[in-house]
Amino acid sequence: MVVVCLFTMLFFSAIVFADEIEPGVFNREILTVGISTDRCPVFYIDKGSNEPVGIGVDLMKVIAEQAGYDVEFRVIGEENLKAALDNPEYDVVMPFGSAIDSAAGNASIVTDNLMQTPFTLVTRKEKMLPSLNSIKVGMLHSLSGVAETVKQLFPGMEIVFFNTMDESVKALRRGEIDALLHNSFVWSYVLQKPAYDDLAVKPSTIFSMDFRVGTLDTPEGHRVIERLNGAIAVVPDTAKQGIIVDYTTRHLYHYDIFDYIYEYGQIMLMIALLIIAVIVIAWQRYYAFKLEQEQKMLDYLNRDPLTGTLSINGFRKRVVELLRKYPDTQYILSYNNIKNFKYINERFGKSAGDDLLKFWADKSLEVMTDKEAICRIESDHFVVLRCAGGDEQLSKDGSDVMDQVRNYFIDRHKDSKVRICSGIYVLTPEDYQTPDVDHMIDFARVTEKRVSENLKDSYGFYNPEQWEKGMRTADIIGNLPLAITSGEIQVWYQPQINYETREIAGAEALCRWNHKKLGFISPGEFIPILEESGLIYDLDCFIWERVCRDLERWNRQGIHRSVSVNVARCDIKEEYDIPNHFRNLLKTYELTPDQLRIEITESAYADNSDIIIDVTKKLQEYGFEVEMDDFGSGYSTLNMLKDIPVDRVKLDYYFLTKSGDLEKGNIIVSYIIRMVRDLGMKLIVEGIEDVSQAEFLTKNGCSYMQGYYFGKPMPVQEFEALDI
């Protein structure tokens with residue numbers, strides 16, 4: 001009986017105790033809260049835990065704990081809170097200032113106020129704002145519910161929505177809106193961004209909004225709201241203010257790379273420029289050091305360390321460089337040697353011998369130009385490349401350099417004269433085309449040795465005749481352009497006669513050169529030189545044009561003449577295009593093709609028949625008459641006459657009859673005349689010196705002749721005065 005009584009007492013005690021325990025202690029209900037996390041420090045995602053935190057989160061946790069809920073926060077995926085109200089995944093959504101309709105038009109209910117959130121305007125620091133009823137304000141889309149309250153308070157305010165804070169700030173800076181509107185808690189965070197340092201909060205609060213929790217107006221919604229209101233009523237304001245102060249005093253903004261660049265950009269730029277400057281300076285020093293070392297190596301290879309002149313290696317390079325750079329400069333190369341130099345070293349010491357060599361190098365360099373070069377090839381042997389200046393320069397070099405070296409010890413009160421032997425080599429055209437410096441030095445060395453063996457203290461030329469010829473060649477080549485423009489070179493004419501009618505049938509254009517220093521130069525001398533140097537084309541072009549001018553003048557006088565002009569072998573090249581050159585001359589001077597007869601030497605056909613045959617055919621297409629000049633001068637073959645399409649043959653009578661059996665020569669001439677006529681070609685014979693030759697040719701069927709018997713080449717004025 002006692003046991004039953006005790007059990008009954010314990011049962012009723014448990015019932016009473018259970019009634020006194022707070023509901024849900026043993027089985028707490030989970031409350032899902034939808035929030036927007038774009039408004040730090042009210043709601044935001046903590047970067048450490050990746051969980052929602054903030055003033056609103058902590059307040060809701062305190063209220064939910066008091067109400068007996070385990071709270072779960074979810075970031076809303078909807079555009080705004082109004083749309084989130086319609087999502088059944090959330091039990092409640094926050095924050096709301098008051099009850100509003102959802103996006104679907106459903107009514108909502110809200111809790112009592114958790115706290116007051118002051119809303120303030122932010123604008124550019126220097127900007128003055130208009131009245132609130134005429135202002136244009138930017139807000140975030142997530143604040144669309146707040147915007148409805150704002151419109152009720154300030155009907156004249158225009159609100160523009162933006163997706164992000166950065167977009168709204170850009171619009172403010174562009175002047176598209178007057179200010180931005182948000183709660184002051186958010187501004188305490190946003191304005192920590194360095195890039196927003198031009199923005200300022202307007203100190204006055206335009207309105208304060210309640211901070212409430214909302215849900216749809218349903219029975220379940222009423223149950224949750226009533227339960228939360230009960231908790232809100234018992235949570236002290238000091239606890240709420242503590243949460244607000246805690247978050248608003250934190251420096252929650254975290255700098256990104258762009259913030260650092262913005263805030264410390266100038267310093268970073270200066271540091272970057274300093275680093276770049278250090279790198280550039282270091283690189284320049286390294287490069288300068290590298291160049292210096294390379295130059296030292298080149299100097300070691302190309303310079304003589306004792307005298308500062310070129311080494312043999314450097315001399316070879318420099319000579320080739322100079323010959324290619326100055327192909328029209330006549331050079332000589334000298335090999336110079338001090339006789340018995342070893343005795344100078346033994347008598348006065350090696351240092352005295354070195355001083356002598358340095359003195360010689362210095363004196364030589366004093367008289368030389370950049371177009372010349374000197375090297376110490378070995379011991380006391382110097383090689384010099386010098387511009388050829390004739391006997392006058394040799395004499396001056398002797399007094400300015402060689403005599404100074406010879407008297408070096410005498411001038412220093414020592415009874416010893418230095419003996420120098422020199423060999424001089426005059427460079428040839430081949431040396432310019434394929435420079436072989438060692439070969440040139442060998443020629444000069446051979447000459448120096450010959451001078452030394454003859455016990456001479458002097459100089460000698462590798463070939464004295466070559467020296468004179470080289471100097472004359474240099475004068476001819478160097479003076480050609482001036483000779484053409486100054487009138488030294490003139491076009492002369494040798495008449496061509498029709499012996500049967502005793503009339504002038506034409507002329508051959510020749511040139512004569514009255515050189516200002518050398519006097520009259522024979523064409524047999526200067527033409528081969530110009531051919532070898534590649535300048536004959538310049539001379540021929542001058543002659544052709546001068547002839548065309550004379551023909552034009554004669555045409556104006558009513559005299560129609562024909563002139564034979566010579567085309568050299570060197571002229572007939574593809575790049576010169578001889579046929580079109582003559583064709584253009586006819587157009588320029590208004591001549592007819594029969595007034596210019598083109599003479600090409602027989603040897604040219606023998607040397608390069610293919611290209612010359614092509615040129616001949618082209619000239620004939622343009623109406624010109626082509627002559628084979630100097631036929632019978634040693635190159636003639638019957639096969640040549642068969643294959644080459646010339647119009648006229650110029651036979652050299654003098655060559656065929658100047659020596660040997662005259663009668664046999666005349667027989668050959670007579671048969672050539674008949675052969676040329678039978679081949680359908682015209683014929684003119686040159687080299688006629690007396691009447692018997694003219695009569696013989698007429699008797700054998702040749703009427704056109706040229707030679708001293710009818711007239712030597714003469715100036716144009718004399719030719720025009722002829723009356724044969």
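No value in this document is a laboratory result; all are computed from the given coordinates. Worth saying up front: this structure is predicted, and the values here are computed from it rather than measured. Glycine gets a Cβ as well: all are built from the backbone with ideal geometry, and neighbour counts include every protein chain shown.
What the table shows:
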read-out	value
For peptides 715-722, 187-194, sequence by mean Cβ density within 10 Å, most packed first	187-194, 715-722
3J(HN,Hα) from dihedral phi, region 614-628, Karplus parametrisation 6.51/-1.76/1.60, rounded to Hz, x for glycine, proline	4, 5, 4, 5, 5, 4, 5, 4, 7, x, 7, 9, 9, 10, 8
In Hz, Karplus ³J(HN,Hα) per residue of region 506-520 (6.51, -1.76, 1.60; θ = phi - 60°; x = Gly, Pro)	x, 7, 10, 7, 10, 10, 10, 10, 9, 5, 5, 10, 9, x, 5
For peptides 422-434, 349-361, sequence by mean Cβ density within 10 Å, most packed first	422-434, 349-361
Distance violations [Cα-Cα > 19 Å] among 358/456; 650/682; 47/82; 363/449; 339/417	358/456; 47/82; 363/449
Under 5 Å, built H, 5+ apart or other chain: amide partners of residue 331	388, 427
Ranked by how many other beta carbons lie within 10 Å on average, peptides 556-567, 36-47 from highest	36-47, 556-567
Region 303-462: C-alpha pair distances exceeding 24 Å, %	31
Electrostatic dipole magnitude of the chain [Cβ: Lys, Arg +1; Asp, Glu -1; Cα centre; debye, to 20]	2000
Nonlocal amide H pairs with residue 679, under 5 Å, H built at 1.01 Å	none
Under 5 Å, built H, 5+ apart or other chain: amide partners of residue 73	33
Estimated 222 nm signal from helices in the chain, with DSSP H stretches of n ≥ 4 weighted -39500 (n - 2.57), rounded to 500	-14500 deg cm²/dmol
Sequence of 628, 402 once ranked by neighbouring C-beta atoms within 10 Å, starting from the fewest	402, 628
Spacing of the two label points (7 Å from each Cα toward its C-beta) at residue 525 and residue 276, in nm	7.0
Rounded to whole Hz, the Karplus (6.51, -1.76, 1.60) HN-Hα couplings of region 678-690, x for glycine and proline	5, 7, x, 9, 7, 9, 9, 10, 10, x, 7, 10, 8
Net lengthening on full extension, residue 503/residue 430 (0.36 nm per residue, minus Cα-Cα)	21.4 nm
Percent of beta bridges antiparallel (DSSP, the chain, rounded to nearest 5)	55
Tail weight of P(r) past 15 Å, computed on alpha-carbon pairs of region 116-210, percent	56
Nearby lysines by direct alpha-carbon distance to residue 127 (threshold 21 angstrom, same-chain neighbours under 8 apart not counted)	136, 170, 193, 202
Option label - log10 I(q)/I(0) by the Debye sum over Cα atoms at q = 0.07, 0.10, 0.11 Å⁻¹ computed here, alternatives (i) -0.65, -1.07, -1.22; (ii) -0.54, -1.07, -1.25; (iii) -0.72, -1.07, -1.15	(iii)
Stretch gain in nm, segment residue 396-residue 446, where the contour uses 0.36 nm per residue and the Cα spacing is subtracted	15.6 nm
Virtual paramagnetic centre 7 Å along Cα→Cβ of residue 184, amide N under 19 Å, in region 48-92	55-56
